[in-house]
Amino acid sequence: MEIRLLGTLEAQARGVVLPAPAHPQGPALLAWLALNPGEQERGPVAALLWPGLPRANARTELRSAVWALRRMLGPDEGLVLNRRETIGLRCSTDLQEFERLAAAGEPAAALALCRGELLADLGREYGWVLAARADHAARVEVLRAQLTAGEGRNAGPGDSAARA
């Protein structure tokens, strides 16, 4: 399964765009699991997504959101790592590809993946989204600077960038 985090949140399985999970916090859960690979402790995830609820209620809501996520995946529901004390999602993301390309010294290819700000459709009520968005925006600026510096070095003698 491929999750697009750069721009609006989108999940694809077997080449088909999937509908959002049918739970109010379903998209946020999908995004958080995609941003945080591997298995995560259920308690902290529930507290992060339902900070105003008592622990037991937040865990109940998490179970409901996980059910909606599994239902969204249909025959691929096994991609949700749903254990008694942990939760996770097997997927690849455009953000992982962005980081791979950036590390490989391919800033133009990495920047081409950006369809907008990270998780553009998730609201400001999630501090973790805002923090991840800020981190990604800083990374984008670094790559843009690298790209601009590279263009200046590659400019020919008649180019204005070489004269600047």
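Please treat every number below as a calculation from the coordinates, not as lab data. What you see is a predicted model, and the numbers here were worked out from it, not measured in a lab. Counting neighbours? That spans all protein chains shown, and the Cβs are built from the backbone with ideal geometry, glycine included.
Quick notes on this one:
- Leu118 long-range amide H proximity, modeled H, under 5 Å: Gly7
- Sparse-neighbour loop sites [GluC sites (Glu not before Pro); region 50-95; at most 16 other C-beta within 10 Å; DSSP]: Glu85
- Cα centre as origin, Lys/Arg/Asp/Glu Cβ charges: the chain dipole, Debye: 400
- FRET efficiency for the Ala138 to Asn36 pair, using the beta carbon distance and R₀ = 22 Å, is estimated at 0.70.
- Crossing angle, helix 55-73 versus the chain [Cα axis fit, 0-90 degrees, rounded to tens]: 70
- In this structure, Ala149 and Arg115 have a Cβ-Cβ separation that, at R0 = 22 Å, corresponds to a calculated FRET efficiency of about 0.35.
- Label point distance in nm, Glu85-Arg14, each placed 7 Å from Cα along Cα→Cβ: 3.5
- Counting charges near Ala22 (Lys, Arg +1; Asp, Glu -1) among other residues having Cβ under 12 Å from its Cβ returns a value of +2.
- Glu77-Ala22 FRET efficiency (beta carbon distance; Förster radius 22 Å; 0.05 resolution): 0.95
- Of the trypsin sites (Lys or Arg not before Pro) found in region 38-133, the ones in coil according to DSSP and having at most 11 other Cβ atoms within 10 Å of their Cβ are Arg83, Arg84, Arg124.
- Crossing angle, helix 94-103 versus the chain [Cα axis fit, 0-90 degrees, rounded to tens]: 40
- Length-normalised contact order for the chain - Cα pairs under 8 Å, 6+ apart - percent: 26
- Of the residues Thr86, Thr93, the one with the fewest other Cβ atoms within 10 Å heads the list, and the complete ranking is Thr86, Thr93.
- Taking amide H atoms as placed 1.01 Å from N in the peptide plane, the amide H of Gln40 lies under 5 Å from those of Ile87, Gly88, each 5 or more residues away in sequence or on another chain.
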